[in-house]
1. I'd like to know which of Ile152, Met82, Phe230 lies farthest towards the positive end of the charge dipole of the chain, counting +1 on Cβ of Lys and Arg and -1 on Cβ of Asp and Glu.
2. Using θ = phi - 60° and the Karplus form 6.51 cos²θ - 1.76 cosθ + 1.60, what ³J(HN,Hα) does each residue of segment 384-401 get, whole Hz, x for Gly and Pro?
3. Which of rounded, prolate, oblate describes segment 224-269, given a ≥ b ≥ c as roots of the alpha-carbon gyration tensor eigenvalues and a/c under 1.5 marking rounded, otherwise prolate only if a/b is larger than b/c?
4. Taking a 21 Å limit on the Cα-Cα distance, which of the listed pairs Lys469/Lys543; Lys295/Lys319; Lys319/Lys383 fall beyond it?
5. Along the principal axes of its C-alpha atoms, what lengths does segment 109-246 span, in descending order and rounded to whole Å?
6. Can you send over the solvent-accessible area of Glu475, 1.4 Å probe, protein chains only, in Å² to the nearest 10?
7. What order, most packed first, do the peptides 22-31, 179-188, 220-229 have when packing is the mean number of other Cβ atoms within 10 Å of each residue?
8. Can you find, among Val213, Ser492, Ile330, the residue farthest towards the positive end of the dipole of the chain? Put +1 on the C-beta of Lys and Arg, -1 on that of Asp and Glu.
Amino acid sequence: TDKEGHNFSVCWVLASVVLGAIAMLCKEQGITVLGLNAVFDALVINKLNVLELIQKLLHKDKSLENAGLIRKGLLFRITLLMSGGASILYIRWRIMGTGPPAFTEVDNPASFADSLFVRAINYNYYYSLNAWLLLCPWWLCFDWSMGCIPLIKSVSDWRIIALAALWFCLIGLICQALCSKDSHKRRILTLGLGFLIIPFLPASNLFFRVGFVIAERVIYLPSIGYCILFTYGFSLLSKQAKKKKILAVAVLGILLINVMRCALRSSQWRSEEQLFRSALSVCPLNAKVHYNVGKNLADKGNQSAAIKYYREAVRLNPKYVHAMNNLGNILKERNELQEAEELLSLAVQIQPDFAAAWMNLGIVQNSLRRFEEAEQSYWTAIKHRKKYPDCYYNLGRLYADLNRHIDALNAWRNATVLKPEHSLAWNNMIILLDNTGNLAQAEAVGREALELIPNDHSLMFSLANVLGKSQKYKESEALFLKAIKANPNAASYHGNLAVLYHRWGNLDLAKKHYEVSLKLDPMAPGTKENYNLLRRKLEQLQKKDG
């Protein structure tokens, strides 16, 4: 019955709203599926005549029943979809803190242009590029921001042709969709255009500023409309073409080329290096592309090549603070401290709340023995990022260098409170307490650390040293052996275990581990002297026995 059909359709509309909400949780664009459903319902299910409806609305004809708007509950279902969409948007708006995300000029340069003309012309150029990527997905890039597409600033720019071509095609399709005498053609074209345009609207900059220039992900859903229009166009051509085989071969060729392109692009997404390098030829002016290639090389230990790409990123975008920070870090590790300080100082000058750059600047200043400035930089970093365990760790190292032992211990304790698995901070606490003769406190800290990080061999080694000095030889030996099992190639582990055996009187095992230590590191400080002392002692014992 009509009542059952009405209930049935309402259930599906509500299900659609719920699924649209779930889709939006995955990606904001998911909400546009509600608009697509409305278009599909109107054009395919209800066979709504859009041209007739527009004419009736223009002539203020109240007999909209004949136009199919209210027939079969269409108006009710569309109202339900719109209400559901509005509710989802409101909830999303509340969750986001009732404000849009903050974007910078490098994310979307056109939206920051002062001139309305420049904004409008560049938005339309972006639309034409998106349309081109649907037609010919050859220029694909993981990021299109940071100068990848220079702004069009005058009508003399040849790229204006792309805008004209886009609107020529769109206006032609819209005219056909509205004015064609063939009702089936009107519905198909309107459906295709609806599926092409509606999902793209959130990325159009029309309603709010978006944080990108082009994002390939936003044309996934519009590609449905493109496929509808392409298929319909092919069907019209096949009806009129005399040599249908040539047309079929051409379409199969296009399909094959796109499959090959898809396979190539999928292979590029298999690794960061391939993905980032593939963007260099598409967007050579994009500082972020060079930054990502440099970061990938730095992560693999190729610092010389990374420096080249970081420098290019900074050249392309002189305010790129993250590139400055990473380049400064590498130069710091290569002991090029002067340039590292200049870069990091510039980074914090451009972005005063950049906590990581403040910390790295502090490390460089510490290396340059400018301790007061280093301390100030560390505290500035902590001011901008309250929970910053690595900064507290570096601050502790500064205090240790200045023999401010209590301050150092407090800083390292803060680091371990914020990050209980901060092995280096625990280790430095144990070593400092050990070196200052606080063996009981060092042992307590070591045991606390090992409870939190039970498999850390460096902590085992540090605690074993403390226990050995406290003459807890058996427990110390067990920890040394456990540390050596975890890291058998550490010369110091074998050397210190040998010292323990030497003290304990187990001279044969001491000799064995001294030899292993010297084999791993012949230049190990103190080990050779201890080994020679042990050998003389063993020779004396042999003479006595003789």
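The values are calculated or read from the model by the stated rules, or taken from the named source; none is laboratory data. A quick note: this is a predicted structure, and the numbers were derived from the prediction, not measured. Note that each Cβ is placed from the backbone with ideal geometry, even for glycine, and that neighbours are counted across all protein chains shown. Just so you know, the surface numbers come from the protein's heavy atoms only, side chains and all, with ligands and any DNA or RNA stripped out. Shrake-Rupley method; radii C 1.70, N 1.55, O 1.52, S 1.80 Å.
1. Highest projection toward the positive end goes to Phe230.
2. Going residue by residue, I get 8, 9, 4, 9, 9, x, 5, 6, 4, 4, 5, 4, x, 5, 4, 5, 5, 4 Hz, with x marking Gly and Pro.
3. Taking the square roots of the gyration eigenvalues as a ≥ b ≥ c, segment 224-269 is oblate.
4. Those over the limit are Lys469/Lys543; Lys319/Lys383.
5. 50, 30, 29
6. 70
7. Packing order, densest peptide first, comes out as 220-229, 22-31, 179-188.
8. Of Val213, Ser492, Ile330, it is Val213.
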